Every structure is written in C-alpha cells, then in structure tokens.
Amino acid sequence: MNKEKKQLLIAAGILALLLVAVFVIRAGMSDAQKRLALMESVYAEMSGNRARLLSMSEETKALKARAAESKNRNFATEMEKTAAEFGLSKNLKKITFITHREDARFRGDDYELKIEGVDINTAVNVIYRISNAGVLVKVKKCSLSVSFDNPTLLNISLLVSHIT
C-alpha cells in the first residue's frame, strides 16, 4: 500500500471513531436530559410536599398549644365566660357533664349545654365562639328549636366534647 492510501484509511478510521464518539455522547446527553427532567419534577413535588408539611406542622403546633392551655382551664367556666360575652348569662340554663372517654391519645369529656331564648344570629355566633373557645372542644350535636314563649327566639341544645 502506498502512503496516500494509508493516510486515507487512517483519516477514515479517525472519522469513523469521531462519528461513533458523537453518537455515544449524544445518546448520553439525551439520557442525562431525561434524568434531569425527572429530577426537576421530583424536586418540584418535594417542594410542594415541604410547603404542605410546614403548614401541617404549624397547625399541629397551634393545636398542641391550645391543648396545653386547655388542660389548665375548666370547661364550665369557659362556657359561662363565652355566654357572658354575648350577654347570655341568664339564658345559659344548663351545663351538664355526661361522660368521660379515653383512648390511646386523647381524653374527652362530653357536656350538654342548653341556651334558651336567643335569636338566630346570636345562636350562630355563640356556636362559632364555643368551637373556637380557649379550650379544645368539638361540637358533636346541635339542635335548634323554636322557643315556646317567643316564636322569634330559639332554644339551643349542644352536645360538646371537651378534649384534653
């Protein structure tokens, strides 16, 4: 073989190696781009989860703080205080302890409250205020009935669980 053919074969071999290298690098880059896109989507999802987790953590802290405060408070006095805020001290007819329940995490005391002779707006405000009182409570049952003495007023009967 002469020298020119050898140089031509060497040049063709180098060109072939370059083409193979370009295809390998391109395939590797395509795979890397796919992995990058996947990682970006995972990062976006994790960022959203982090925001939700922080929000839930703040809610949990607030509930724990409220629970710690409520352990030192008496339910009946809190309800009397709430009724007094609305000027319903004389309308609050009954706060009766019903039962005490315990499970693995919580203890709860059920109470029955009766408030007589209130208008609908005050009734809604009182129920809202009871559920957001300084103690952890859950309004389990609420019944409203028209007052016998004055049909424009309502009688409220609540079954409330005080969680400690």
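The values are calculated or read from the model by the stated rules, or taken from the named source; none is laboratory data. Everything numeric in this text was worked out from a predicted model, so none of it was measured. Don't worry about glycine lacking a Cβ; one is built from the backbone with ideal geometry, like all the others, and counts go over all protein chains shown. Heavy atoms of the whole protein, side chains included, go into the accessibility calculation; ligands, DNA and RNA do not. Shrake-Rupley method; radii C 1.70, N 1.55, O 1.52, S 1.80 Å.
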Within the stretch 120-131, tally of residues that are under 12 Å from Ile163 (Cα atoms) and either surrounded by 18 or more Cβ atoms within 10 Å (Cβ to Cβ) or in contact (Cβ under 8 Å) with a residue 60 or more places away in the chain (or both): 0
Conditions (1) within 16 Å of Thr82 (Cα to Cα); (2) more than 25 Å from the chain's Cα centre (by Cα): number failed by Thr99: (1)
Residues being in contact with a strand residue (DSSP E or B) (Cβ under 9 Å, 6 or more places away or on another chain) and either over 30 Å from Thr152 (Cβ atoms) or open to solvent by 50 Å² or more (accessible area, probe 1.4 Å) (or both) - total across the stretch 97-119: 14
The stretch 132-161 - residue that is of a type in the set (Ser, Thr, Tyr) and surrounded by 13 or more Cβ atoms within 10 Å (Cβ to Cβ) and, of those, modelled with the highest pLDDT: Ser157
